[in-house]
1. Counting DSSP beta bridges with both partners in the protein assembly as shown, what percentage is antiparallel, nearest 5?
2. Per DSSP H run of n ≥ 4, the term is -39500 (n - 2.57); total these for chain A, divide by its residue number, and report the mean residue ellipticity at 222 nm rounded to 500 deg cm²/dmol.
3. Summarise the partner chain shielding of B:338-348 as one whole number: the mean count of Cβ atoms from other chains within 10 Å of each residue's Cβ.
4. On the protein heavy atoms, probe 1.4 angstrom, tell me the percent of accessible surface of the protein assembly as shown carried by carbon and sulfur.
5. In sequence order, what are the phi-derived ³J(HN,Hα) couplings for region B:204-217 according to the Karplus relation 6.51 cos²θ - 1.76 cosθ + 1.60 with θ = phi - 60°, rounded to whole Hz, with x for glycine and proline?
6. List, by residue number, every residue in region A:56-76 with a reduction of 20 Å² or greater in accessible area between the chain on its own and the complete protein assembly, 1.4 Å probe.
7. Where in region B:1-66 are there GluC sites (Glu not before Pro) that are in a DSSP coil and have at most 10 other Cβ atoms within 10 angstrom of their Cβ?
8. Of the GluC sites (Glu not before Pro) in region B:412-489, which ones lie in a loop per DSSP and count no more than 16 other C-beta atoms within 10 Å?
Amino acid sequence: MPLDHATVRTIAQLARIRIPDEDMEGLAGELSTILAWVEQLREVDTEAVAPMTSGTDRVLSLRDDVVTDGGMRDAILANAPEVVDGFFAVPKVVE
Amino acid sequence: MTALTGLTIAEAARGLAAKSFSARELAEAHLDAIAAARDLNAFICETPDVALDRADAADARRAAGGALGPLDGIPIAVKDLFCTEGVPTTAGSHILNGFVPPYESTVTANLRQAGAVMLGKANLDEFAMGSANITSHYGPVKNPWGPRDGRDLVPGGSSGGSAAAVSARLALGATGTDTGGSIRQPASFCGIVGLKPTYGRCSRYGIIAFASSLDQAGPMTRTVGDAALMLAAMAGHDARDSTSAPLAVPDFAAALDGSLRGLKIGIPKEYRIDGMAAEIGALWDKGMAWLEAAGAEVKAVSLPHTRYALATYYIIAPAEASSNLARYDGVRYGLRVDGATLDEMYMNTRGQGFGTEVRRRVLIGTYVLSAGYYDAYYLKAQKVRALIAADFREAFREVDVILTPTAPSDAFAIGERMDDPVTMYLNDVFTVPTSLAGLPGISVPAGLSARGLPLGLQLIGRPFDELTVLKAARAIEDAAGFPAGPPTP
């Protein structure tokens, strides 16, 4: 089922990506092509199959729940586009 | 200085040990070669100061009798997906504009610890998403084997800058990363060796994430022996990556030689795909004959779910990417494009910061993970992935290593295969199944196409059995007599 523009807009809103109007037609077509192509998986019988959720079947190891790092505020803020008084700054969220 | 850039890592290590030349001379020869080959666009950022500092340090260690090992003083390229402390790291994306990591990835830290000399950061497809190195914000990379018929060729991707640099003698080796074929396919297109280790062999810490259940770092070199040397330095357990395997790293290089007697090689019949180019099939047959001549036994095996691997991958990888790339929000690093509200700032930043292929994959990933579609797409793909992995487990009861072609064609021209995204995705038909199953795979140059361009063969092994993969690859390398490099203009 091809994706209509409204659906593409909804996905783009979920992904927080602005799509210029002139890109919409082409993008909807490309996404529809990809989705139509992956539909082929429906023909595989996966009734009794457990999903593979990781690249490894190893049980991931735990470490002690202790502080191992910290005290590097300036290094962390060094790449920020906008910093105010030692904080990441963003457009006003609360009126 | 051409002679120094034409050495293998093993030869250069011997030359450094014999004091035939210094690490500084070796680094300078490569920096000169890089400057003379800027037309290839293999590097996003050259780091001559870092290179010469590290080369001088290597020379000082050697003079004091404290050389570190075979990689001490060896100049390499680093794919610009590895975070490097104090050196800009872009992932080939506009959205990481100006980002300078305050820390070093584990793999590059390990290489540095072994004495390797970083020459620069190699170009790549944006966030490693591509099979032709045409999606980089910093422009396409040219394959040093081109042009053909007046057109420049792609080096493959996503590790296209790494492959081009090693092939064109701009570096003795390079790091790559492979999520669905991004080390092996460019290695095949550029006529070099590319090894994707077992998932968990190399730490992913500090590698900019694409699809975390698939991403794996590996070496790209001109010989199988060099890949063994480089992998030994890159690999190892790392507490900072919970999926990193707590296993000792074997001395791969020490065990490469010797007969393949008793080794069983599997030939999966499902890889003889419809419409396969005759020269690809013929090279595959030659590979079988070479391994038999080296003492191995060739056996047919079946991997029945192979035909579903690409569709499975193109659900799982975008899903993981959409989650991983959520962090690029214009707040903590990289590009910010202002907006009236926080949401508008996010949307403007991500709208302008991501290129078209990354945008497509994030949107697909968002869709297949969204309410109402998760089970039909994402969960279904995870189940088919389990079947693909089970196929390999079954086959490896019968055989020790599997031989296939690496890619369905030789290098194509920049601008070709762009009619629709799926056409480009078909490049990875032979490499994606290995990635989904988390297995080690290598591409070794095995012959030339009718147009005189490199073609690789792929060997796939059991989990953490890179050694057998390398041994079989060495036998192919010995038999193939592949040319030493692209014809010099």
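1. Taking every DSSP beta bridge with both residues in the protein assembly as shown, the antiparallel ones total about 70 percent.
2. Working: 3 runs with 33 residues, N = 95.
After summing the helix terms and dividing by the residues of chain A, the value is -10500 deg cm²/dmol.
3. Partner-chain Cβ atoms within 10 Å, mean over residues of B:338-348: 4.
4. Solvent-exposed carbon and sulfur of the protein assembly as shown make up 52 percent of the total.
5. So the Karplus estimates, Gly and Pro as x, are 8, 4, x, 9, 4, 6, 10, 10, 5, 8, 10, 4, 7, 8 Hz.
6. A:56, A:58, A:60, A:61, A:75
7. Counting only loop positions with at most 10 other Cβ atoms within 10 Å, none of the GluC sites (Glu not before Pro) in region B:1-66 qualifies.
8. Values: sites: B:416, B:466, B:477; in loops: B:416.
Answer by residue number: B:416.
The values are calculated or read from the model by the stated rules, or taken from the named source; none is laboratory data. Values in this document were obtained by computation on a predicted structure and should not be read as measured data. No Cβ is skipped: glycine too gets one built from the backbone with ideal geometry, and neighbour counts run over all protein chains shown. Ligands, DNA and RNA are stripped out before the accessible areas are found, and what is left, the full protein with its side chains, is counted by its heavy atoms. Shrake-Rupley method; radii C 1.70, N 1.55, O 1.52, S 1.80 Å.
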